[in-house]
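Below: one structure, written as structure tokens.
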Amino acid sequence: LRSEMEIGYRRWRSQVSRIKLVAIDIDGTLLDPNGEITPRTKTAMEAVANLDIQIIISTGRRFWTAREKVIPLGLQDLILSCHNGILLKRFNGELLYHCLLDLEIAKSVVDFAKSRGLYPIVFESVADNCRVLVEPFESMKTDYLHDQETIAYLEESQTNTCFFDDLSRQITGQIIEVVCVIPAKETKETSQVFEQCFGSTIKTIVATVPNPNRSFFSIANSQAGKSGPLKFWADQSGIDHRSVLAIGDNYNDLDMLQYAGIGVLMGNADPELQQIGSKLGFELTARNDQDGLAKTLEKHLLS
């Protein structure tokens, strides 16, 4: 009886709350530094779901690995925004929205990346388990030929990796994005170089990780970004952007946090990003090893 009363109270709270949609990043936000969902976070997520507030998991991950990470929540009504907002799918894999990279542009991007000494990784297909297209390492005359960070990243996807002798001439199908694994210190300059070459036909997206030698540099459709599917779903649901709460920790979360009525940056975000967030008016919460996400949900929706 007490549990039913608590749920009833929470639902009442949701009716008077202006937050109707919550967008949550995975790595560095939903997950703790060990890549796990803490008990407090799980409890908070379940409580929010019981309020009938919609939840979008917004990540740079592929759909398959993103879904694996959120399965422990036990919430089947989650919507997953993957590849930095390029694909939007229901938990069961139903495709709701996509924003793909033109095939010919993708081929030119691959060639240009190789000319810059980078090792391009192409993600292809809107299927739940997309293909990862690359050239053999031994064929690449680049500074990243034996880069252990790139190798480690590919090993995570080895069952779906396909090798081509010449990516720029052989790739076909639905291209999601082209990704290069590069040191964090090179992301700004690399972004500028690609944007100067391709202009408004592409968008560059950067996501850093604790290891400074491994950041993810993505070249995608010019309309890509986490805010795109978030706006799409909010519009479909009749939700004003001021009724959206978004929480993230990385540079690829910026447009999502700016779109939301309340943007919250995790305490484990890069110090430079925290400075940017402060200027943009984002809230700052605790780190992901201090239940920052749970504290945010409790503050805005469960207190």
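Worth pointing out:
- Residue count for segment 127-152, restricted to those that are open to solvent by 30 Å² or more (accessible area, probe 1.4 Å) and at pLDDT 90 or above: 3.
- Filter pass, Leu293 being open to solvent by less than 40 Å² (accessible area, probe 1.4 Å) and touching a residue at least 24 places away in the same chain (Cβ under 8 Å): yes
- Any pair with Cβ under 6 angstrom, 6 or more apart, that starts in segment 121-137 at a residue that is without any contact (Cβ under 8 Å) to a residue 60 or more places away in the chain and of a type in the set (A, V, I, L, M, F, W, C) and ends at one that is open to solvent by less than 10 Å² (accessible area, probe 1.4 Å) and in a loop (DSSP other than H, G, I, E, B): Val122/Ile171; Val132/Ser157; Leu133/Ile171
- Segments classed as strands (runs of 3 or more DSSP E), wholly inside segment 161-258, with at least 3 members that are of a type outside the set (A, V, I, L, M) and free of Cβ contacts under 8 Å to residues at least 60 places away in the same chain: 161-163
- Residue within segment 78-88 that is at pLDDT 95 or above and polar (S, T, N, Q) present: yes
- Hits in segment 198-242 (condition: open to solvent by less than 30 Å² (accessible area, probe 1.4 Å) and β-branched (Val, Ile, Thr)): Ile202, Thr204, Ile205, Val206, Ile219, Ile239
- Selection over segment 67-78 of residues that are open to solvent by 10 Å² or more (accessible area, probe 1.4 Å) and β-branched (Val, Ile, Thr) gives a count of 1.
- Of the residues making up segment 269-288, those that are within 25 Å of Ile86 (Cβ to Cβ), at pLDDT 95 or above and outside any helix (DSSP H, G or I) are Ala269, Phe282, Asn288.
- For segment 54-73, the tally of residues that are modelled with pLDDT under 95 and more than 24 Å from Arg131 (Cα to Cα) stands at 0.
The values are calculated or read from the model by the stated rules, or taken from the named source; none is laboratory data. The model shown is predicted, which means the values in this text are computed figures rather than measured ones. With ideal geometry, Cβ positions are generated from the backbone for all residues, glycine too; neighbour counts draw on all protein chains shown. Heavy atoms of the whole protein, side chains included, go into the accessibility calculation; ligands, DNA and RNA do not. Shrake-Rupley method; radii C 1.70, N 1.55, O 1.52, S 1.80 Å.
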